[in-house]
Structures are given as C-alpha cells and as structure tokens.
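The values are calculated or read from the model by the stated rules, or taken from the named source; none is laboratory data. A quick note: this is a predicted structure, and the numbers were derived from the prediction, not measured. When we count neighbours, we look across all protein chains shown, and the Cβ atoms used for this are built from the backbone with ideal geometry, even at glycine. Each accessible area value is taken on the protein alone, full model and side chains, heavy atoms only, with ligands, DNA and RNA left out. Shrake-Rupley method; radii C 1.70, N 1.55, O 1.52, S 1.80 Å.
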Amino acid sequence: MTDSDHRLSLSDLTALLTRIFERHGCSPEVAAILAANCASAQRDGADSHGVFRMPGYVSTLQSGWVDGRAVPQVHDVAPGFVRVDARNGFAQPALAAARPLLLEKVRRNGIALLAIRDSHHFAALWPDVEPFARQGLVALSFVNSMACVVPHGGHRALFGTNPIAFAAPRAEGDPLVFDMATSAMAHGDIQIAAREGRQLPPEHGVDLAGQPTQDPQAVLQGGALLPFGGHKGSALSMMVELLAAALTGGDFSFDFSWEQHPGAQTPRTGQLLIVMDPSAGNSGAGFARRAEDLVLAMRAAGQSRMPGERRYRQRAQSDREGIVLDAATWQRLQELAGAA
Ligand code: NDP
Ligand code: PYC
C-alpha cells in the first residue's frame with residue numbers, strides 16, 4: 001500500500017463497477033450482477049479476473065458483440081435438466097435467472113444440470129460454484145472460451161483456456177473450492193505478464209511458427225498456449241468443450257468469429273453446471289464430515305495449503321482493511337465511469 005493507493009469497501013467498489021456497466025449499455029439487473037462478480041474477484045485477489053477485466057468488458061460492450069440488456073430464457077426441459085438461452089448476454093445473469101428452478105430440482109432429485117448457451121463468460125468461475133457449497137451442495141462447472149490453446153501434439157489453436165471449478169462443503173471451515181484453467185496459464189495471466197514485461201515459464205506457449213516460446217507477446221501475437229500437463233490437461237480441455245458447448249448447444253471455442261466486432265474480448269460460448277445434494281445419498285457419516293476427514297488427512301500428509309485458501313485469506317484481509325487499488329487502476333475506473 002502506498003500513499004496514492006485507494007482503499008474501498010466491497011459495496012463501494014461494486015457501486016462504482018455498476019455505474020461503469022450501466023454507462024456502457026448494461027441493464028441495471030445485468031450491471032448489478034456483473035459488478036458484484038467482478039468486485040468480489042478483486043476482493044479475493046484474482047488479479048486476472050478482477051477489475052483488470054473492466055476495459056475488456058467495456059470495449060466488448062462498445063463493439064456490439066454482446067448484449068448487455070439480454071433477458072435470459074429459462075427452460076424446464078427434464079426432471080434433472082434446466083436449460084438457459086442467454087440470448088447473447090452474459091452467463092452470470094443466466095445462472096441467476098435459472099438458480100431457483102435448478103435448486104428445486106437438485107433438492108428433489110439429488111442432482112441436476114444447468115446448461116447455459118449463447119453466453120459470454122469473462123470472469124473467474126469460483127463465484128458460480130462456491131455459493132452452492134455454502135448451501136451444503138456439491139457443484140462443478142465448465143466454461144469454454146476462445147481458440148487459443150493447441151491440443152496435445154497438435155499444431156494450431158483449437159481449445160479455449162476452458163476452466164473447471166469445483167466446490168464442496170466441509171463440516172468446519174470454508175468450502176473446498178478449486179478453480180483452474182485447463183491451459184498452462186490463463187489468457188489473462190499471459191496479458192499481465194506481457195504488460196509487466198515478464199517471461200513465461202517454459203512449456204507454456206508457442207509462437208506464430210509453433211515453436212516453444214517464453215515471450216508472452218509472441219503467444220498473444222499469433223502464437224498459442226499449451227494445455228497444462230500435456231495429454232492429461234488436453235483431455236480435460238476436450239471434455240470442457242464437450243460439456244460446455246456440445247451438451248449445452250453453445251459454440252465450441254473455435255466456432256465463433258468476432259472479426260466484425262473490433263474490441264470484442266468476451267467468448268460467446270456456453271457453460272455447464274452440475275449440482276448435487278450429498279444428503280440425498282444418505283451415506284452414513286455425512287459428506288461434509290467426510291470432507292473434513294479428507295482435509296485432515298491431506299494436512300497430515302504434508303499439504304499445508306488447500307485450494308481456495310489463498311483466496312479466503314485475501315478475502316478476510318480485504319474485509320478487514322478494504323480492497324486496495326493502485327492509483328493508475330483507480331484513475332482508469334474513474335475514466336470508464338465518466339467521472340474523470
Ligand atoms: P491458478 O493456477 O492460480 O489456481 C488454480 C487452483 O489451484 C485454485 O483453486 C488455487 O487456489 C489452487 N492452488 C494454486 N496454488 C496452489 C497450491 N500451491 N496448493 C494448493 N492449491 C493451489 O488458476 P488459473 O490461473 O488456472 O485460473 C485463474 C482464473 O482464471 C480462474 O478463476 C479461472 O476461472 C479463470 N479463467 C476463466 C476463464 C473463462 O473463460 N471465464 C478461462 C480461463 C481461466 P486459490 O484460489 O486459493 O489460489
Ligand atoms: O483468462 O483465459 C482467460 C479467460 C478467457 C476468458 C475469460 N478469461
């Protein structure tokens with residue numbers, strides 16, 4: 001923290017981001033949902049998916065590629081299946097619109113799917129799953145993005161960075177949550193490395209000629225990312241394409257073209273959520289207690305940090321001390337809000 005930094009509460013940052021989204025063409029409902037999502041990512045220290053994303057949201061809205069006023073259509077298609085057509089809007093309002101019906105089905109059946117299509121997801125995925133775990137449920141989600149990852153052994157970009165997020169309740173403590181791109185690095189982190197002039201670790205990307213490179217600019221300018229973990233990450237990325245696009249009716253990461261919309265950055269694809277009620281299985285000691293046992297065993301085996309813990313720690317610090325924005329970021333947000 002320096003003298004020129006700004007400290008904001010979550011509600012003040014959410015209000016500022018809401019103004020930006022509304023100013024650039026979102027309905028009040030969509031603006032409120034996106035702002036809460038982005039502000040909470042910033043609060044939790046998600047460098048690549050917090051306010052760093054605001055210029056990208058704005059340039060995409062200005063390009064006409066996404067409809068910030070879209071009203072999602074929710075369809076009750078089967079006892080365990082809800083489908084939402086986001087109608088070229090953002091994925092988070094589609095999830096919010098379908099949530100009550102999804103929860104009703106999960107409680108009734110023990111499991112339900114939510115398939116969102118024609119949607120734009122430009123955010124971290126954990127905010128989509130963590131709330132389910134806080135209600136005692138287990139949730140998984142998959143999103144495909146834009147073709148920038150070469151499948152294992154391949155020679156051109158085909159997959160998106162395709163994240164997977166998982167959340168499960170624990171008997172004590174915050175839910176267990178992981179949220180990870182299936183590429184060696186998120187695209188947002190490549191952009192941050194390029195901006196800061198940092199080299200990438202080896203085996204993360206290739207250049208325009210398909211040769212290995214550690215230069216983030218080379219990856220961004222015609223090059224591509226690699227999946228994490230070779231053929232294993234590549235198989236998971238393939239699965240994400242199938243679940244988030246083929247199963248939902250959304251586009252594959254290589255299907256859409258935003259060429260007619262200069263400035264567009266948000267992938268127009270799909271998202272799948274699978275939500276389970278572990279109490280429906282009536283499996284003895286109870287899922288949350290078993291999760292606690294697993295965490296204890298992992299700690300005893302030497303794993304000191306659970307996935308999600310860094311984020312929870314940062315959340316607690318932000319709640320105590322405020323969310324810190326440096327002067328340049330603050331100035332940029334003021335400009336986007338039309339206040340500078
Ligand atoms: P990271 O590699 O930073 O982290 C992945 C997961 O591993 C997190 O749950 C993290 O927990 C956990 N973790 C990290 N280090 C450790 C450790 N040492 N021990 C135990 N657990 C650890 O995430 P990515 O860079 O892959 O993804 C960043 C974000 O980008 C995600 O939020 C993702 O959803 C988003 N994204 C979104 C896309 C989209 O299309 N919308 C596309 C691609 C990525 P913790 O949170 O506590 O650090
Ligand atoms: O960081 O890879 C990424 C990403 C793609 C879409 C939104 N975030």
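Stick to the Cα atoms of segment 123-212, pair each with every other, and give me the Kirkwood hydrodynamic radius in Å at one decimal. Kirkwood radius, segment 123-212: 14.8 Å. With contacts taken as Cα pairs under 8 Å and at least 6 residues apart, the chain reaches a relative contact order of 23 percent.
Roughly speaking, what is the stretch gain from E309 to F81, that is 0.36 nm per residue apart minus the C-alpha to C-alpha distance, in nm to one decimal?
On the way: separation 228, 0.36 × 228 = 82.08 nm, distance 3.20 nm.
Result: 78.9 nm gained on full extension.
For the pair R69 and E104 in one chain, pulling the backbone fully straight at 0.36 nm per residue adds 9.9 nm over the alpha carbon distance.
Counting Lys +1, Arg +1, Asp -1, Glu -1, what net charge surrounds H75 among other residues with beta carbon under 13 Å of its beta carbon? Result for the neighbourhood of H75: +1. The charge dipole of segment 39-103, taken about its Cα centre with unit charges on the Cβ of Lys, Arg, Asp and Glu (plus for the first two, minus for the last two), comes to roughly 80 debye. Taking a sphere under 15 Å around the Cβ of I190 and counting the other residues whose Cβ falls inside, with K and R at +1 and D and E at -1, yields a net charge of -3. Remark: C-alpha extents of segment 287-339 on the principal axes read 52, 23, 18 Å, sorted largest to smallest.
Principal axis analysis of the Cα atoms in the chain yields extents of 55, 47, 46 Å, listed in decreasing size.
For the chain, the solvent-accessible area works out to 45 Å² per residue, with a probe of 1.4 Å and every protein chain left in place. With contributions of -39500 (n - 2.57) from each DSSP H run of at least four residues, the per-residue ellipticity at 222 nm computed over the chain stands at -12000 deg cm²/dmol. Between G263, G302, G136, the GNM of the chain built on Cα springs shorter than 10 angstrom shows G302 fluctuating the most.
With θ taken as phi - 60° and the Karplus curve 6.51 cos²θ - 1.76 cosθ + 1.60 applied, the whole-hertz 3J(HN,Hα) list for segment 48-64 is 7, 9, x, 5, 3, 7, 4, x, x, 4, 5, 5, 5, 4, 5, 6, x Hz, x standing for glycine and proline.
Size descriptors for segment 212-340, from the alpha-carbon set: Rg then Dmax equal 21.6, 60 Å. Here the chain is assigned +1 on the Cβ of each Lys and Arg and -1 on the Cβ of each Asp and Glu. Its dipole about the Cα centre then comes out at about 600 debye. Centre-to-centre separation between the Cα atoms of segment 30-70 and those of segment 282-325: 27 Å.
Relative protection proxy for 303-315, 122-134, from highest mean packing down: 122-134, 303-315 (other beta-carbon atoms within 10 angstrom).
Cut-off 10 angstrom, C-alpha nodes, Gaussian network model of the chain. Which of N37, N88, N282 fluctuates the most? Result: N282 has the largest fluctuation of those listed. Rolling a 1.4 angstrom probe over segment 224-299 with all protein chains present gives an accessible area of which 60% lies on carbon and sulfur atoms. Projected onto planes of every orientation and averaged, the convex hull of the alpha-carbon atoms in segment 257-325 covers 9.7 nm². Among H120, H152, H49, the residue with the largest mean-square fluctuation in a Gaussian network model of the chain, with springs joining Cα atoms closer than 10 Å, is H152.
A crude spin-label estimate for the pair R7 and Q260, with each label 7 Å from Cα along the Cβ direction, gives 5.0 nm. Give me the net charge for the shell around V129: Cβ to Cβ below 15 angstrom, other residues only, Lys and Arg +1, Asp and Glu -1. Value of the local net charge: -2.
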